[in-house]
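Read the structure below first, then the notes.
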Amino acid sequence: MAKLKTLVFGGGEIHDWAGIQPKLVETLTAADAFDLDTVQEDLDALKDLSAYDVLVFHYTVGEISNEQRDGLSKWLAGGKGFVGIHSAADSFRGDPDFRNLVGGHFITHPRHREYQVSVKDAEHPIMADIDEEFMVVDEQYITDYDPRVHVLASALWKGDAMPVAWTKSHGEGRVFYQALGHDPQACEHAMFKKMLVQGALWAAGGE
């Protein structure tokens, strides 16, 4: 079976994307299902993603041009896959179309701490072999999200369940977002790594 052409894209401010990207590449390489390329900072790469089946995106804030966003949107809507990691929900704050593509956007976060993640849809292929409840040391993202997204896992914040992972469609394409992965250490968590691999496979149209 041919490997899935995959682009791992990192950049932006605030987060240690340069430390995170090697962890993502290491995990995806170990799965032996992906043919990987990486890009750092160059948003013009989004104008033409035709070589790829799936985009793994970890970027923070910044500005995206209409041409860059439209290239990503049209590629994805044509039946491709987008995997957003943590700060992907805090990219391009001034662009509502990108926020709609992801399915939600960052509002705030409590202090970096240990907290419990609970699986909401254990039957979804992304959540195969994921512990129904597990602890993480990470930065919990509180998001304003589209109520139509399919929430896979959540965590409590001020007594309310906030999404940790979700899926949605974008045209014929598939979007998977997980809010875990603030720093390189968080990307070493076994459940993060499983969701990364299984999310990328799902987003690319496989199981």
Item to check | Matching label, mean projected area of the Cα convex hull in nm² computed from the structure shown, candidates (1) 17.1; (2) 13.2; (3) 10.1 | outcome: (3)
Item to check | Residues in the stretch 96-131 reached by a label modelled at Asp16 [backbone nitrogen below 16 Å; 7 Å Cα→Cβ] | outcome: 112-113
Checklist outcome for this item: Excluding near-sequence neighbours (fewer than 8 apart on one chain), the chain holds lysine pairs with C-alpha atoms under 13 Å apart numbering 5
Checklist entry - When the Kirkwood radius is taken over all Cα pairs of the stretch 1-92, what Stokes-Einstein diffusion coefficient follows at 4 °C and 1.567 mPa s, in µm²/s? => result 97
Checklist entry - Within the chain, what is the longest stretch that has no trypsin sites (Lys or Arg not before Pro) placed in a DSSP loop and near at most 16 other beta-carbon atoms within 10 Å? => result 4-92
Checklist outcome for this item: Applying the span-like rule to the chain (DSSP H, Cα extent along axis at least 18 Å, Kyte-Doolittle mean at least 0.5) gives 190-203
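Laboratory data are not the source of any read-out in this text; all were calculated from the coordinates shown. Just so you know, these numbers come straight off a predicted model, no measurement behind them. Here Cβ is always computed from backbone atoms with ideal geometry, including for glycine, and neighbour counts include all displayed protein chains.
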